[in-house]
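Let me begin by presenting the structure, written as structure tokens, before commenting on it.
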Amino acid sequence: VFNAKTAELLSHHQVEIQQKFPKEGWVEQDPKEILKSVHECVERTCEKLQQLNIDISNIKAIGVSNQRETTVVWDKTTGEPLYNAIVWLDLRTQSTVERLLKRIPGKNKAFFKFRTGLPLSTYFSAVKLRWLLDNVEEIRQAVDDGRAMFGTIDSWLIWSLTGGKNGGVHCTDVTNASRTMLFNIHSLEWDPELCQFFDIPMEILPKVRSSSEIYGLMVCFLKSGALTGVPISGCLGDQSAALVGQMCFQDGQAKNTYGTGCFLLCNTGQKSVFSEHGLLTTIAYKLGRDKPVCYALEGSVAIAGAVVRWLRDNLGIVKTSQEIEKLAAEAGTSYGCYFVPAFSGLYAPYWEPSARGIICGLTQFTNKNHIAFAALEAVCFQTREILDAINKDCGIPLNQLQVDGGMTNNKVLMQLQSDILCIPVVKPSMPETTALGAAMAAGAAEGVGIWSLNPGDLTAVTCERFEPQINPEESEFRYARWKKAVVKSMGWETSEAPSNGKSE
């Protein structure tokens, strides 16, 4: 909960959501658990406000932000999900992608780029939805009966929070729609030809709205009943929300969010710029029904914070995510060890699904501290690759990088990032900029009007700055070694592997 005048964070609560990995490369979440976690967070945040003697009736608007591309289909008559949500970095659709590619002239992954801004990849919702329609009998049946609804997580939440099967609103916003591969980013409408190509019935799709308008009113589930009737009036995919929360409203301003993955967005204003260097063209925001749409160039890295989770949960070399910073600081160097965390293939700028994770340059001297350092360095190198691509596409090199997200609390990582980019890294004192962006969109909506988005009215955010501390030659040398490691990670997986789960 934020103060609309000062953007100050008043109260918050968070819950870690369980990821399920039923098969190698599959990543799922339970849509009901996601909804329950929202209920719990709202409940607890309101309790904390009351402890601060803040009246909950002062909450005037609610914004939603979500991981994009994660795909869920539910039954509108029962309100029940028909399958787990398939998470954005899930890889089960690789064979679906290959099958679809065969229908495209010259098997060109970029065939729909100028309409959607996206390459054909396992990443986007349309292929996940196609997989669900091909493989889940309940979903096929529900589509035939006219009971099925498709959405990304924002749609599932807004529908559920505005009444669900009793009149819930089935909508999404332009930023989330632009990540489905079914949406024309110029006409701002679902594209009938794309729906036909993926063979997706248009009647199951949500209505597309702007990122800042009243979608519906909260139907309450709080014990106190306090939020009944409060408008849900902001909706932004998480990376767009962070761009708004960082107040990157001018052309050429960029932010990098360090979450499970890493996402660098550069605002290109009202013109869509198409990348020659492996970046996506995406909708940055449309802050009101009658406001212009703004675009961004985006570089997506699949694995950032997830590499720390992996070192914690799979290798057990740390017990908590915070310890990674201590280990890396003790090492002070990776000692020539390089870690390419291509667990789900490589995203931007390569779009290489055949890549897999590797750790190379190991010697008898290498220990877990060096591996921890190499893991953090990997996040920084991946960001550098994207920044290089953005600089080439935009022609104006960035002179500093604005950062946010959970991993930015790691000072070793932030210093490393500045060293590897050779430019200052600037971090706001309040790293929850994704939530802030959703709150700004909600508060600024027509009919709510309690948050001004005029640059002059926006509160200056206090920041921490990290300046480069190593010489550029050393940075270039390490970056060149990293690129050598990336080449070694490619072409590892082939789709012809035996299907018993074991590869030859």
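A few notes on this one:
- The one condition in (1) over 23 Å from E446 (Cβ atoms); (2) assigned to a strand (DSSP E or B) that T260 fails to fulfil: (2)
- Note on the range 319-350: residues that are part of a loop (DSSP other than H, G, I, E, B), touching a residue at least 40 places away in the same chain (Cβ under 8 Å) and crowded, with 18+ Cβ neighbours inside 10 Å amount to 6.
- Filtered by the rule that a residue be aliphatic (A, V, I, L, M), part of a helix (DSSP H, G or I) and in contact with a Lys or Arg (Cβ under 9 Å, 6 or more places away or on another chain), the range 157-174 gives a lone residue, V174.
- Selected residue (criterion: nearest to D388 (Cα to Cα)) from residues of the range 479-501 that are outside any helix (DSSP H, G or I) and modelled with pLDDT of 60 or more: M490
- Output for the range 390-414, where each listed residue is assigned to a strand (DSSP E or B) and open to solvent by less than 20 Å² (accessible area, probe 1.4 Å): L401, V403, D404
- For W26, the conditions (1) without any contact (Cβ under 8 Å) to a residue 40 or more places away in the chain; (2) open to solvent by 30 Å² or more (accessible area, probe 1.4 Å) are fulfilled apart from (1).
- Here I56 meets each of (1) surrounded by 15 or more Cβ atoms within 10 Å (Cβ to Cβ); (2) under 30 Å from E203 (Cα atoms); (3) more than 19 Å from the chain's Cα centre (by Cα) with one exception, condition (2).
- Taken together, the residues in the range 445-462 that are out of contact with any helix residue (DSSP H, G or I) (no Cβ under 9 Å at 6 or more places or on another chain) and either at pLDDT 90 or above or open to solvent by 80 Å² or more (accessible area, probe 1.4 Å) (or both) amount to 8.
- If you go through the range 268-312 and keep only what is among the small types (G, A, S) and under 24 Å from T172 (Cβ atoms), you end up with G269, S272, A284, G288, A296, G299, S300, A302.
- Residue check for F263: in contact with a Ser or Thr (Cβ under 8 Å, 6 or more places away or on another chain), of a type outside the set (K, R) and free of Cβ contacts under 8 Å to residues at least 60 places away in the same chain: yes
- Residue list for the range 39-81, restricted to those being of a type in the set (G, A, S) and either part of a helix (DSSP H, G or I) or in contact with a His (Cβ under 8 Å, 6 or more places away or on another chain) (or both): S57
Per-residue answers, yes or no, for (1) modelled with pLDDT under 90; (2) more than 12 Å from the chain's Cα centre (by Cα); (3) open to solvent by less than 30 Å² (accessible area, probe 1.4 Å):
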site	(1), (2), (3)
V230	no, yes, yes
S233	no, yes, yes
L243	no, no, yes
D251	yes, yes, no
K255	no, yes, yes
L265	no, no, yes
T268	no, yes, yes
T281	no, yes, yes
R289	no, yes, no
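- Failed condition for V38, given (1) under 20 Å from G259 (Cβ atoms); (2) open to solvent by less than 30 Å² (accessible area, probe 1.4 Å); (3) in contact with a helix residue (DSSP H, G or I) (Cβ under 8 Å, 6 or more places away or on another chain): (2)
The values are calculated or read from the model by the stated rules, or taken from the named source; none is laboratory data. What you are looking at is a predicted structure, and each value in this text was computed from that prediction instead of being measured. Using ideal geometry, Cβ is built from the backbone for each residue, glycine included, and neighbour counts are taken over all protein chains shown. We work out accessible area using only protein heavy atoms, side chains counted, and drop any ligands, DNA or RNA first. Shrake-Rupley method; radii C 1.70, N 1.55, O 1.52, S 1.80 Å.
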